[in-house]
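For reference, the structure is listed below as C-alpha cells.
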Amino acid sequence: MTQLLWTLLTLALSAAGLLMVLSRLRGIAPSANRGPVLAVFVCAAAVVGFLFLFYRTPGTDIGVAQPIPFSHRVHSGVKNIQCEYCHPYVAQSIHPGLPPVEKCLHCHKYIIAKHPEIVKEHWYYDMRAPTPWKKANYLAEHVVFNHQRHIKKEVACRECHGTVETMDRIRGKYFYMEFCITCHRQRNANLDCWLSCHN
C-alpha cells in the first residue's frame, strides 16, 4: 500500500513538473501557470489522502473472498486459536500449507454445524475434495521462501502477515524484496542471495 501511495505521489509531482517545463518552453510566465500546477497538487493530495484513510480505517480490510467465509478475527482473535493449529506445516516444511477441511471439522463437526457456510465444509469433506482456498500472499516466482527456517528463528507470523487477528478477511499482500531485506538487516540475518531466497 505504501508503495502505491508513493507511486501516485511521484506521478502527480512528475505531472506538475512537466507542466512547468512545458509552460516555460512556450514562454508562459511561471505565475500564469500556477492554476494548473496547483490543481494537480490538490488532486494528488486528495487521492493520496483518500487512499491512506481508506486503507487505514477499520472495517476496510476487505481482503480476498474465499469459497467459505473465514474470519481470522474470530478464530485467531476472539477464540485465540494459534496460527500453527490451522497451518501445522510451518514448523516442518518450506510451505505453510492451507488447512484441510478435516481440520475445520475438528471443531465445526459440533460447533455451529448447521450454519449454511459450515454446511459447505461438510460438503467438501463428504465429496473428499479439498476446499479451494484462494491464495492471498504472493512472492516473485523466482523467490523461495522457507517458513520453517523463519519459525525456527522465532520470527512471529504477524511480523510478515500483520495483525491477522483483527481481520475478517486476509487482505492480499505482495512481498517485495525491500520488505525482506529490511527485516534481514534489522536481525543481522543472511543477506546472501543464493543461500537465502534465490536458489
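The values are calculated or read from the model by the stated rules, or taken from the named source; none is laboratory data. Note that this is a predicted model, so its numbers are computed, not measured. FYI the Cβ positions are ideal-geometry reconstructions off the backbone, even for glycines, and counts take in every protein chain you see.
Values as computed for the structure displayed
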item: Among residues of the stretch 42-83, those that are of a type in the set (Ser, Thr, Tyr) and modelled with pLDDT of 85 or more, counted; result: 2
item: Of all residues making up the stretch 157-199, the number that are farther than 21 Å from LYS135 by Cα and basic (Lys, Arg); result: 2
item: Residue count, the stretch 147-192 (criterion: part of a loop (DSSP other than H, G, I, E, B) and closer than 19 Å to ILE62 by Cα); result: 9
item: In the stretch 134-146, residue farthest from ILE62 (Cα to Cα) [restricted to those that are touching a strand residue (DSSP E or B) at 6+ places or on another chain (Cβ under 8 Å) and aliphatic (A, V, I, L, M)]; result: LEU139
item: Candidate set from the stretch 77-101 (those that are out of contact with any helix residue (DSSP H, G or I) (no Cβ under 7 Å at 6 or more places or on another chain) and part of a helix (DSSP H, G or I)); member that is surrounded by the fewest Cβ atoms within 10 Å (Cβ to Cβ); result: VAL78
item: Counted residues, the stretch 112-124 - those being among the β-branched types (Val, Ile, Thr) and within 15 Å of SER71 (Cα to Cα); result: 2
item: Enumeration of residues in the stretch 141-154 that are within 21 Å of GLY172 (Cα to Cα), surrounded by 12 or more Cβ atoms within 10 Å (Cβ to Cβ) and not β-branched (Val, Ile, Thr); result: PHE145, ASN146, HIS147, HIS150
